[in-house]
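Enquirer: I'd like to ask some things about the structure below.
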Amino acid sequence: MISCLILALTLPFAAFSQVNFIEVVTAADMEAAQKKASDGMLMLFVDVYASWCGPCKMMDAQVYPDPALSTYMNDHFVSVRMDGETDFGRKYATEQQLQGYPSMFIFGDDGVRVSFVLGFKQAAELKPLLETLVENYQALKRYRVMAENGTITLEAFADYIS
C-alpha cells in the first residue's frame, strides 16, 4: 500500500522529466509533426536512432530524462524520433545525409533545417547547444522581418551579418 502511494506521488514528477517525443514511422507522421511545430511557432527536433545503437539507448536513459533539458525541449520544440533502420527511416536518413547514430536534426518552424548534432551528448552539453540554436534562430527571424519591412538599421544589419 505504501509503495503504491509513493509511486502515485512520484509518477507526475517523472512524467515531467522526459522529452515529449512523437514517434514517426511514415512521411505523413513527419508532415504532421512539422505542421504542429509550424502552427505552434516552435522548432522541430528530430532524433534518428537505431535499435542496436548503444549511444542511442544511453541518450534515452541518461539524457532525455534530465529535468532541465526535457523542460527546455518541451517548451521550445516539437520533438520527434524515428528508427533510422525502418523503410521511412532509411529514406529520411538518406535525405538528411545521416552520418551516424544517434543523429539529431533541428528545423525551424518553416521546415528548413538549421542544424544537426551527431553522436552522444550529455544533457549538460546538449541543452546549451539547443539554447544557442533557438536564440540565434529567433534573432534571425526578427532580422528577416526587419529586412522585409525595410526597417533594419545599419547596426542591426551588422548584428545580422555577424
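Enquirer: Over the stretch 19-162, what is the mean sequence separation of C-alpha contacts under 8 Å (at least six apart), divided by residue count, expressed as relative contact order in percent?
Expert: With pairs under 8 Å counted, the relative contact order is 29 percent.
Enquirer: A further question follows. Mean-square fluctuation check for the chain, GNM, Cα pairs under 10 Å: which of Thr94, Thr151, Thr86 is largest?
Expert: Between Thr94, Thr151, Thr86, it is Thr151 that shows the largest mean-square fluctuation.
Enquirer: Lysine pairs in the chain with Cα distance under 23 Å, only those 8 or more apart or on different chains: how many are there?
Expert: 9
Enquirer: Roughly what would the spin-label model give for Ser115 and Ala28, points 7 Å off Cα along C-beta, in nm?
Expert: With each label point 7 Å from Cα toward Cβ, the separation is 3.4 nm.
Enquirer: Sticking with this one: Go ahead and run the numbers for FRET between Asp39 and Ala124, Cβ-Cβ distance against an R0 of 22 Å, rounding to 0.05.
Expert: Numbers: r = 31 Å, r/R0 = 1.42.
After rounding, the FRET efficiency stands at 0.10.
Enquirer: For n ≥ 4 DSSP H runs only, could you compute -39500 (n - 2.57) per run for the chain, divide by its residues and tell me the 222 nm figure to the nearest 500?
Expert: Roughly -17000 deg cm²/dmol at 222 nm, from the helical runs in the chain.
Enquirer: Here's another thing I want to ask about it. Measuring from label point to label point, each 7 Å out along Cα→Cβ, what is the Asp159 to Gln138 span in nm?
Expert: Computed distance between label sites Asp159 and Gln138 equals 1.3 nm.
Enquirer: Now for a different question. Using the basic label-point model (7 angstrom from Cα toward the beta carbon), what is the Met58 to Asp87 distance in nanometres?
Expert: Distance between label points: 3.4 nm.
Enquirer: So, one more: When the chain is treated as a GNM, springs tying every alpha-carbon pair under 10 Å, which of Arg90, Arg113, Arg144 comes out with the largest mean-square fluctuation?
Expert: Taking springs between Cα atoms under 10 Å, the residue moving most is Arg144.
Enquirer: At a 1.4 Å probe radius, which order do Glu23, Glu135 fall into by accessible area, largest first? Display every interim value, and only then the final one.
Expert: Numbers: Glu23 80, Glu135 115 Å².
Largest accessible area first, the residues go Glu135, Glu23.
Enquirer: Run the numbers for Asp75 and Val145: contour at 0.36 nm per residue of separation, minus the present Cα-Cα distance, in nm.
Expert: 22.9 nm
Enquirer: Averaged per residue, what accessible area in Å² does the stretch 42-127 show with a 1.4 Å probe, protein chains only?
Expert: Here the per-residue accessible area is 43 Å².
The values are calculated or read from the model by the stated rules, or taken from the named source; none is laboratory data. Because the structure is a prediction, the values reported are computed rather than measured. Glycine also receives a Cβ, built like all others from the backbone with ideal geometry; neighbour counts cover every protein chain displayed. Areas reflect the complete protein model, heavy atoms only, side chains present, ligands, DNA and RNA absent. Shrake-Rupley method; radii C 1.70, N 1.55, O 1.52, S 1.80 Å.
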